[in-house]
1. Only one of (1) more than 11 Å from chain B (Cβ to nearest Cβ); (2) surrounded by fewer than 24 Cβ atoms within 10 Å (Cβ to Cβ); (3) under 29 Å from residue A:22 (Cα atoms) is not met by residue A:157, so which one is it?
2. Quick check: anything in the range A:66-81 within 15 Å of ligand 1 (Cβ to nearest atom), outside any helix (DSSP H, G or I) and either crowded, with 23+ Cβ neighbours inside 10 Å or at pLDDT below 95 (or both)?
3. Among the residues of the range B:665-679, count how many are more than 7 Å from every other protein chain (Cβ to nearest Cβ) and touching a strand residue (DSSP E or B) at 6+ places or on another chain (Cβ under 9 Å).
4. Could you please let me know if residue A:108 is buried (at least 24 other Cβ atoms within 10 Å of the Cβ), closer than 30 Å to residue A:158 by Cα, at pLDDT 95 or above and more than 16 Å from the chain's Cα centre (by Cα)?
5. For residues in the range B:478-502 being buried (at least 17 other Cβ atoms within 10 Å of the Cβ) and in a loop (DSSP other than H, G, I, E, B), which is modelled with the lowest pLDDT?
6. If residue B:150 satisfies all but one of (1) under 22 Å from residue B:85 (Cβ atoms); (2) surrounded by fewer than 20 Cβ atoms within 10 Å (Cβ to Cβ), what's the number of the condition it fails?
7. Sort out which residues of the range B:675-732 are in a strand (DSSP E or B) and more than 23 Å from residue B:603 (Cβ to Cβ), and write them in order of number.
8. For the range B:211-232, indicate whether the set of residues that are within 14 Å of chain A (Cβ to nearest Cβ), surrounded by 21 or more Cβ atoms within 10 Å (Cβ to Cβ) and without any contact (Cβ under 8 Å) to a residue 60 or more places away in the chain is non-empty.
Ligand code: FES
Ligand code: FES
């Protein structure tokens, strides 16, 4: 058995000491790799602040032990979320001025990006289903809903145009 | 220093002073006649603008917890100075926490005068508190007071700076100042020549203003470029791209990571602990006893969490009743003459009215609630060579400084507090408990840079919650009208609890040293927060009484978004709704008829118009209205619900507030919306209960509030009829719960008198 763990974050491979095997990805990102855009809110998959993409799917990094990952699993954090969809989402977020304290928004943006990657034209119910895992204590939900719809529209227009 | 160009107006002096390569412009309060203790000419400047060869910096002393304070403060300056905030040469900086940046408005909320009361004494006392805040250097963000406090200070500072720059340009160009214009950080000559503010600043520093700049000289609303128009918040791009750094994100070379565990029976001590495992991993010297608990310093936060959790700890018992049930008993027993604290409203003859009519009677209650901002409490500290540095998201940096001095024995000059951007607060960061813990760790490890982070569990179980509140209400209706209302409210004293923890000595409170201070102290002792949101409502009910009872202290409590009004608004408005229904009157019309404050009447009328009040709703649906005046802002809300087979669904909410003047329509909408969601979410789903002296809800699985799927569509309107400008961070919270409960009554006939509502009815 290897005496290290290897993970692939934002296209860069990192070799971690084996003692980190049981450490949640969140804390490796924040404290070891200094990627602090991914936030800690609850540590038990209840708030969504720590959402990242692993192989394109949204995952709660606070309950994902790095030992579960292999170097083939591609982790993308908010810092490197620059796909066409992620960019459209971020732009739409700025346009609607979604953030208040902003602390939950990295997670919201990652969840919304994952949603739009699977579903180009989400209904209110689709949005509710996917986004209800992301808490916002400041109460920005109505703007998040609007921003997702705007992003969906601009992506569709870009595709058609 | 010198060359203070003094522009007096109301109570502000605006002045400038030369610095290397430029100038500082700022203001200071002139002082208030009755509190005047310092000599009038001993003035020094509190800068809000710095223009030097590196650019223009706007200093925004009120902290940002998500409410957009940095942006709105900067905009006040930018408007009058004629600069564009998105320009790269403009910096917005929280600046150093200093007493001169006191908040003059935050204390007035604690006075026993309704915000609608403009009598001579009310106005005088408000002025006293402003002077008092200056004397004690009350540097604080809170109480929805930022814009009220900053509005004229910052705009006048911007206007004076602009005048000085124009005069410098006039002197340089020999063109008369009336022919000069300003635009985007430049003075423009008629021939098209441009001088930048930065190049003019050293010359402007020598200018003496020849004439006064008055509030009347500030730009009229119609001429404003920035104010009143949708703004782009200065922090928006960073916050929508993951780039914003919060206190919890601090990473510095060589930094160590700490976690703590303290007695979940608040204020209790630690009896003993066994930390063998943790010590075997990080070493004995990195397991550190602190007040009421123990801390562990590790290589990363996760390891610190795990190790501190592994410690076997024996805690002292709680000094207060162990269960919520026992606490409620104490509340029930508090309606006695010796626990009576105030009767700030007493009109007509309630006693006779109750004796003569058919009495409607009801008891109401609301639970403890946690602040639980999404960013848990944290602080980063370094104690080295007789100097302490603290990086922390806080609403009270000077209190932090003073407690740090006490804990370390250092002089305050050697303590440096950097106020970090906050991932929410809702009042939580008006406390310094967590900073003290970090300082204790720093004391044990001089030379180590330590970031201490609370786990969510530590955060939830060590909150200073919003107090439980209990109300006994009685009333009489006659001839289709509300005739009498008698409201008795028992609660823990938030004011007393908070002041008991402050480390700055408040001279007027402990030992009155002047008559005005004694008056203020006396006013504060009335403990208005017990009944705020109930006693101060502008209704003319013929027989009308509100009495506050102080429950002996138990769980330490603190200010929670909208403080006393958060529960009292629910009591007052729901019971008023009960009476109106008993009278057979229309809920909206009767509120308008009873309302004695024209600004508020317009708010009620507007929400009626927006919600199409009176129009038919589908079967099973209902509409409720509620109104609360808090922090000087009247707010009316209408909520529509449908009673579905799966539970209550909130279809829509309408909210109208009058803030006097809207500075940023975008931000005000966000704040109002956030307040409504905060109010609705907690009313539906949230409570903090105690068992064995400990909070039972330890994380968000048990403390949910609003999530996306329950969030209704919200329509918002901000009116500008009031004379004074007010903040909107809190006032939309109180009417949300009663509007929802009243709507549920309209839809189902079920009157719910206890929060959270989901104890009694299911939500979808
Ligand atoms: S921190 Fe991972 S879901 Fe809350
Ligand atoms: S913006 Fe503050 S928690 Fe969502």
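The values are calculated or read from the model by the stated rules, or taken from the named source; none is laboratory data. Only a predicted model underlies this, so the values are computations on that prediction, with no experimental measurement involved. Methodologically, a virtual Cβ is constructed for each residue, glycine included, from the backbone with ideal geometry; neighbour enumeration extends over all protein chains shown.
1. Condition (3) is where residue A:157 drops out.
2. yes
3. Going through the range B:665-679 one residue at a time, the tally reaches 7.
4. It is false that residue A:108 is buried (at least 24 other Cβ atoms within 10 Å of the Cβ), closer than 30 Å to residue A:158 by Cα, at pLDDT 95 or above and more than 16 Å from the chain's Cα centre (by Cα).
5. B:493
6. (2)
7. B:688, B:690, B:691, B:694, B:695
8. No, the conditions are met nowhere in the range B:211-232.
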